[in-house]
Amino acid sequence: MDYSSAALTLYQGAIYMVQSRPYQVERLDWEGRKAFVTTTAADYYTDAIDYTKLKVLDRFDGAMAGGGTCHHGEVHVVRHVSGYKKIKFYSHENIGYGPVNLPDQELHTSAVWWQLTQAALESAFASRQEALDGFLGAAYALHTVALVRVMADGHDLQKSVGSGDAAWFALRDVNGRGRWRSADGASSDPEASVHFNPTLFLYDNFPGGIGLSEPLFQCAALLVREAMGLVEACDCTAGCPACIGPVPGTDDGLATTQRERAATVLALLGA
Ligand SMILES: [Zn+2]
């Protein structure tokens, strides 16, 4: 296992497949870079729960993107693995959780990112929660079309929504709702913050970058149009894995659907 993948696949309790036989990780010696495993007959596999915080270090180039901006440059990424899900074979039921206690992974890499002003978001959305959902849905759609555009694997180019200065970040909970987290990972309320400056990142998941960001920046306007096309043409009602990502908890009591929120963000970036 390569070093950068170890935290996501070899944590204590992980089920790891070797030549189609499942092994369970009994202990991970992080310093010594050894995982101690035993064969297992478990009826589930594991999936790491992680989140990333990105901070912009340097802007190489920038342009207007509708009512917002698009940049590419250098970013600092911190990845934290907070735990893992146990997922049953065949039925894919979630049958439990386990904790992971490993040091954060850090890397410097290149990214392309989009931002909208607080004023634009306040006039387009009734609440910051809806704007956050919109950003997460737009990130999913932009990530999908960007992967096709540069012919990359989903692991090599990754997405993240946060503040741009690592003050906060957003992720989806099990129902697909956007959750706002402060820098230490604690849950918090988006309305409580003074500054609301969501940033949508697509970043190269390798130290130093692998050259995906600049070509993505060059066709940023096209990507936004393609993502909008993906979201608008989908046959679902509120959002699905083919457009804005899985959103099983569709009824959140708000006036708009997750899909409409994602379309609003893309419309603002493409106007
Ligand atoms: Zn859909």
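The values are calculated or read from the model by the stated rules, or taken from the named source; none is laboratory data. Since we're looking at a predicted model, the values are computed, not measured. All Cβ positions, glycine included, derive from the backbone under ideal geometry; neighbour counts span all protein chains shown.
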Item to check | Those residues of segment 143-176 which are buried (at least 19 other Cβ atoms within 10 Å of the Cβ) and of a type in the set (Lys, Arg), in sequence order | outcome: Lys159, Arg172
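Is there a residue in segment 38-60 that is over 22 Å from Ser163 (Cα atoms), assigned to a strand (DSSP E or B), charged (D, E, K, R) and in contact with a Lys or Arg (Cβ under 9 Å, 6 or more places away or on another chain)?
Filtering segment 38-60 for residues over 22 Å from Ser163 (Cα atoms) gives 38-48.
Keeping just the survivors that are assigned to a strand (DSSP E or B) gives 38-39, 44-48.
Then keep just the ones that are charged (D, E, K, R); that gives 47.
From what's left, in contact with a Lys or Arg (Cβ under 9 Å, 6 or more places away or on another chain): 47.
Within segment 38-60, one or more residues are over 22 Å from Ser163 (Cα atoms), assigned to a strand (DSSP E or B), charged (D, E, K, R) and in contact with a Lys or Arg (Cβ under 9 Å, 6 or more places away or on another chain).
Okay, residues lined up against (1) closer than 23 Å to Ala271 by Cβ; (2) under 20 Å from the mean Cα position of the chain (by Cα); (3) among the polar types (S, T, N, Q):
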position: Tyr84; (1), (2), (3): no, yes, no
position: Lys88; (1), (2), (3): no, no, no
position: Ile95; (1), (2), (3): no, no, no
position: Val100; (1), (2), (3): no, yes, no
position: Gln105; (1), (2), (3): no, yes, yes
position: Trp114; (1), (2), (3): yes, yes, no
position: Ala119; (1), (2), (3): yes, no, no
position: Ala124; (1), (2), (3): yes, no, no
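So is Cys243 near the ligand (Cβ under 10 Å from one of its atoms), surrounded by 15 or more Cβ atoms within 10 Å (Cβ to Cβ) and more than 24 Å from Phe169 (Cβ to Cβ) or not? Give the steps one after another, and end with the answer.
Working: near the ligand (Cβ under 10 Å from one of its atoms): yes; surrounded by 15 or more Cβ atoms within 10 Å (Cβ to Cβ): yes; more than 24 Å from Phe169 (Cβ to Cβ): no.
Spelling it out, it is not the case that Cys243 is near the ligand (Cβ under 10 Å from one of its atoms), surrounded by 15 or more Cβ atoms within 10 Å (Cβ to Cβ) and more than 24 Å from Phe169 (Cβ to Cβ).
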Checklist entry - Checking Ser110 against (1) modelled with pLDDT of 95 or more; (2) under 24 Å from Cys234 (Cβ atoms); (3) buried (at least 18 other Cβ atoms within 10 Å of the Cβ); (4) not basic (Lys, Arg), which single condition isn't satisfied? => result (2)
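Whether any residue in segment 187-199 is within 14 Å of the chain's Cα centre (by Cα), more than 16 Å from the ligand (Cβ to nearest atom) and either touching a residue at least 40 places away in the same chain (Cβ under 8 Å) or surrounded by 14 or more Cβ atoms within 10 Å (Cβ to Cβ) (or both) is what I want to check.
From segment 187-199, those within 14 Å of the chain's Cα centre (by Cα) are 198-199; that's our starting set.
From what's left, more than 16 Å from the ligand (Cβ to nearest atom): 198-199.
Next cut, either touching a residue at least 40 places away in the same chain (Cβ under 8 Å) or surrounded by 14 or more Cβ atoms within 10 Å (Cβ to Cβ) (or both) only: 198-199.
There is at least one residue in segment 187-199 that is within 14 Å of the chain's Cα centre (by Cα), more than 16 Å from the ligand (Cβ to nearest atom) and either touching a residue at least 40 places away in the same chain (Cβ under 8 Å) or surrounded by 14 or more Cβ atoms within 10 Å (Cβ to Cβ) (or both).
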Item to check | Matching residues, segment 246-265, being of a type outside the set (D, E, K, R), within 11 Å of Ala131 (Cα to Cα) and within 14 Å of the ligand (Cβ to nearest atom) | outcome: Gln258, Ala262, Ala263
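Would you confirm whether any residue within segment 19-26 is exposed (fewer than 15 other Cβ atoms within 10 Å of the Cβ) and touching a residue at least 12 places away in the same chain (Cβ under 8 Å)? Walk me through it before giving the result.
So the first thing to find is which residues in segment 19-26 are exposed (fewer than 15 other Cβ atoms within 10 Å of the Cβ), and the list is 19-21, 26.
Checking the rest, the ones that are also touching a residue at least 12 places away in the same chain (Cβ under 8 Å) come to 21, 26.
Yes, some residue in segment 19-26 is exposed (fewer than 15 other Cβ atoms within 10 Å of the Cβ) and touching a residue at least 12 places away in the same chain (Cβ under 8 Å).
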Checklist entry - Any chance segment 174-183 includes a residue that's within 13 Å of the ligand (Cβ to nearest atom), within 16 Å of Val161 (Cα to Cα) and of a type outside the set (Asp, Glu)? => result yes
Next on the checklist: List pairs: first residue in segment 139-159 and closer than 15 Å to Gly245 by Cα, second residue polar (S, T, N, Q) anywhere in the structure, Cβ distance under 6 angstrom, at least six positions apart or on different chains.
Outcome noted: Gln158/Asn205
Next on the checklist: Quick check on Lys85: is it in a strand (DSSP E or B) and surrounded by fewer than 17 Cβ atoms within 10 Å (Cβ to Cβ)?
Outcome noted: yes
